[in-house]
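Right, one structure below, let's go through it.
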Amino acid sequence: MAFIDKTIAVTADVRDVYDAWAAFEHYPKFMKTVEAVTLVEEDQLHWVAVIEEDTVEWDADLVEHVVDEKIAWRAIDGRETGEVRFEKLAAGKTMVTYQLEYDPAAWEGEPDAVRRWMNRRVDRDLDAFKNMVEAAE
């Protein structure tokens, strides 16, 4: 298994930051490879992503959902588990911590290349999320 732990400060109220992340259907706005995320049940998401011209689909259970604090998930096929935490730093500023544990072998490609790609993807997605939320403020 591989592990990613990233943080980013977002200049926005914790409620606005949390609400933006909890709007799963908007993930394609800031996650470059994600085509769609659909809430299929109250606690299950269906993901569709395009990675190097290949369409990949998987389902994930939402295992913890604490308003303004945390969203955690687990892919049903075991490919990943993760969580995003939200911490109010000061008025109008929020720290977002993104943690992901994933199996590089569950993704197409050589494991070291998958690790590098996942790290770049998470960095880009977090930057795009920050820009999207701050632009809405």
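Some observations on this one:
- For Rg and Dmax of the Cα atoms in Å, computed directly from the structure shown, the correct entry in (1) 14.5, 44; (2) 17.0, 66; (3) 15.5, 52 is (1).
- Flagged links, alpha-carbon separation over 20 Å, of 32/88; 29/88; 70/93; 32/70: 32/88; 29/88; 32/70
- The gain in end-to-end length when the residue 39 to residue 1 segment is fully stretched comes to 11.0 nm, 0.36 nm per residue minus the alpha carbon separation.
- For the chain, calculated [θ]222 nm from helices alone, where every DSSP H run of n ≥ 4 adds -39500 (n - 2.57): -8500 deg cm²/dmol
- For segment 6-78: rounded, prolate or oblate by the Cα gyration tensor [a/c cutoff 1.5]: oblate
- Projected label distance in nm at residue 23 and residue 132, using a 7 Å step from Cα toward the beta-carbon: 0.8
- Using alpha-carbon coordinates, inclination of helix 111-136 to the longest axis of the chain, degrees: 30
- Gained length - residue 46 relative to residue 103, 0.36 nm times residue gap less alpha-carbon distance: 18.7 nm
- Computed from point charges on the beta carbon alone (+1 for Lys and Arg, -1 for Asp and Glu), the dipole magnitude for segment 8-137 about its Cα centre is near 640 Debye.
- Amide H contacts under 5 Å for residue 13: none, restricted to partners 5 or more places along the chain or on a different chain, H placed in the peptide plane at 1.01 Å from N.
- For segment 55-64, the Karplus equation 6.51 cos²θ - 1.76 cosθ + 1.60, evaluated at θ = phi - 60°, returns couplings of 7, 10, 10, 7, 10, 9, 8, 7, 9, 7 Hz by residue, with Gly and Pro reported as x.
- Derived scalar couplings ³J(HN,Hα) [segment 69-85; Karplus, 6.51 cos²θ - 1.76 cosθ + 1.60; whole Hz; x for Gly, Pro]: 10, 7, 10, 10, 9, 9, 5, 4, 7, x, 5, 6, 9, x, 7, 10, 10
Read the figures in this text as sums done on the coordinates, not as results from a lab. These numbers come from a predicted model, not from an experiment. No Cβ is skipped: glycine too gets one built from the backbone with ideal geometry, and neighbour counts run over all protein chains shown.
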